[in-house]
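Data block below; observations after.
The values are calculated or read from the model by the stated rules, or taken from the named source; none is laboratory data. Here the structure is a predicted model, which is why all the values come from computation and not from measurement. We place every Cβ from the backbone using ideal geometry, glycine too, and count neighbours over all the protein chains shown.
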There are 4 protein chains.
Amino acid sequence: MANPLRVKIYYEDTDAGGVVYYANYLKYMERARTEYLLEHGVNVAEFHNKGSMFAVVDVDIHYKRPAKLGETIEVTTEIVAMTAVTISIKHQILRDSVLLVEANVRIACIDRNGKPTRIPEEMKMIRVS
Amino acid sequence: MANPLRVKIYYEDTDAGGVVYYANYLKYMERARTEYLLEHGVNVAEFHNKGSMFAVVDVDIHYKRPAKLGETIEVTTEIVAMTAVTISIKHQILRDSVLLVEANVRIACIDRNGKPTRIPEEMKMIRVS
Amino acid sequence: MANPLRVKIYYEDTDAGGVVYYANYLKYMERARTEYLLEHGVNVAEFHNKGSMFAVVDVDIHYKRPAKLGETIEVTTEIVAMTAVTISIKHQILRDSVLLVEANVRIACIDRNGKPTRIPEEMKMIRVS
Amino acid sequence: MANPLRVKIYYEDTDAGGVVYYANYLKYMERARTEYLLEHGVNVAEFHNKGSMFAVVDVDIHYKRPAKLGETIEVTTEIVAMTAVTISIKHQILRDSVLLVEANVRIACIDRNGKPTRIPEEMKMIRVS
């Protein structure tokens, strides 16, 4: 598992309920995923510029406790399964080791026209947990 | 099932992949849910002002086809189950009757301190599909 | 001036301060601008697909009163000046005829590489207020 | 001037134009402002919890060059004027020392009901540039 990504919560992240808006956790998970892939030799921006993208296929997310303004949370990324065309990733979001949000995200590799392509060779080097 | 909510896609909704960013579909589903509840006598903003909120507990979402800039999509809302403290909702997002995204969302009713409360009486009047 | 665009405020629009997050008013103004242009024969999405885009050059925005959860606001759009390469637009955001936010936005037309291009002929037909 | 805040650009930040969406630069400026204030003894989240908030009154922003996916930008914050009730801040956003976006932001201090209050004593200790 890569070092978790630290995310500080600003007003932009919160809603009138006083907590982080539920869709925003998906942003943090993508940030963490991007950094995880970079650490493993897969540069999402370079892929993008060459015409390849990762598209999210499924998300199964569970909200346990909310994050709030001014807090710093940690987002973990772990690859749990890989096929020729999809990668299954588990993310956890924690605050001081307390689990706030947990999700399984399945991504596929597509080209500029949205057609599925094989996942990059570099990714196959990543050891599945 | 309530009339679907129509959503027009603007630049704010899209990302550099040329399609709607994956977290944004959760926003459209909440918009649709809010209007559905209003049609059934539950005013989310009034609830909020009285100190009650709906918190999302789980989302299980499947992305099948992307929506793009300038398109108008339709978001359906259907209550599929209800307990004393949670409500399960199914949303579909369609473009010209083609299914783009599908999700099951479970929400709970909480007070200002995040403590679970009973779901409002008005909601119990809604017939579960 | 075109008919104002009506925008309903949902949780996604608000922050922990209990009001609409300040950056979000720029989204509503772009939505209103897009619909205004469409009414005047300029389809932003079609332009985009042909490789032309409107880029915002400057925004001068004044926040007078906040919008809140559940409210419906109206966003007006008025073209106040036009040169060969830029268009100056005035937006007002109102709630029940009370002015909440006001902005002047200057946009330019660019191609896919970010190079300035002439503004579309259709736009020159729009009478400047 | 405080150390600039570094911001990495992810898909969430971009739009179908392939660049950062224009409203998002206001988010980065608020992040930088929040960290700047914290370095100078003003904790925005603590203020919030005590019922005080900074509200943006005006923004005058100039977009010169776009930021793109995968880039890291730097956001500077400088207090340029202060009255009993408002603070004027200048932000610059740079990539490799090239100016991308520049803005003047005026903020005021308000209480939970939106009523203006005096700016915190700690802020008066910050030397105006």
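General remarks:
- Among (1) surrounded by 16 or more Cβ atoms within 10 Å (Cβ to Cβ); (2) of a type in the set (G, A, S); (3) more than 11 Å from every other protein chain (Cβ to nearest Cβ) - the single one D:A108 does not satisfy: (3)
- Residue selected from the stretch A:45-84 under the condition under 19 Å from A:E35 (Cβ atoms) and among the acidic types (D, E), by the criterion nearest to the chain's Cα centre (by Cα): A:E78
- Options D:V75, D:V80, D:V85; residue that is touching a Pro at 6+ places or on another chain (Cβ under 7 Å) and free of Cβ contacts under 8 Å to residues at least 60 places away in the same chain: D:V85
- Residues that are within 20 Å of A:P4 (Cβ to Cβ), more than 9 Å from chain D (Cβ to nearest Cβ) and without any contact (Cβ under 8 Å) to a residue 60 or more places away in the chain within the stretch A:39-51 comprise just one, A:E39.
- Counting only helices (runs of 4 or more DSSP H) wholly contained in the stretch B:11-129, the ones carrying 1 or more residues that are within 22 Å of C:K8 (Cα to Cα) and in contact with a Lys or Arg (Cβ under 9 Å, 6 or more places away or on another chain) occupy B:24-39, B:44-49.
- Filter result for the condition that a residue is closer than 19 Å to D:G18 by Cα and either exposed (fewer than 14 other Cβ atoms within 10 Å of the Cβ) or free of Cβ contacts under 8 Å to residues at least 60 places away in the same chain (or both), over D:K115, D:K90, D:K68: D:K68
- Checking B:V7 against (1) touching a Phe, Trp or Tyr at 6+ places or on another chain (Cβ under 6 Å); (2) more than 12 Å from chain C (Cβ to nearest Cβ), the condition it does not meet: (2)
- Of all residues in the stretch C:88-121, those satisfying the criterion of being among the β-branched types (V, I, T) and modelled with pLDDT under 95 are C:I110, C:T117, C:I119.
- Top-ranked residue in the stretch A:55-75 [being over 24 Å from B:K115 (Cα atoms) and touching a helix residue (DSSP H, G or I) at 6+ places or on another chain (Cβ under 7 Å); ranked as farthest from the other protein chains (Cβ to nearest Cβ)]: A:V75
- Scanning the stretch A:71-87 for residues that are surrounded by fewer than 16 Cβ atoms within 10 Å (Cβ to Cβ) and in contact with a Leu (Cβ under 8 Å, 6 or more places away or on another chain) returns no hits.
- Failed item in (1) of a type outside the set (F, W, Y); (2) away from every other protein chain (no Cβ under 13 Å); (3) touching a Cys at 6+ places or on another chain (Cβ under 9 Å), with A:Q92 passing the rest: (3)
- Inspection of the stretch C:13-31 finds no residue satisfying the criterion of being in contact with a Ser or Thr (Cβ under 6 Å, 6 or more places away or on another chain), more than 14 Å from chain B (Cβ to nearest Cβ), of a type in the set (A, V, I, L, M) and farther than 26 Å from B:V19 by Cα.
- A search for C-beta distances below 8 Å between a residue of the stretch C:1-30 that is more than 16 Å from C:Y63 (Cα to Cα) and any residue that is hydroxyl-bearing (S, T, Y) and assigned to a loop (DSSP other than H, G, I, E, B), counting only pairs 6+ apart in sequence or on different chains, returns C:M1/C:S129; C:Y11/A:Y21; C:E12/A:Y21; C:E30/B:Y10; C:E30/D:Y22.
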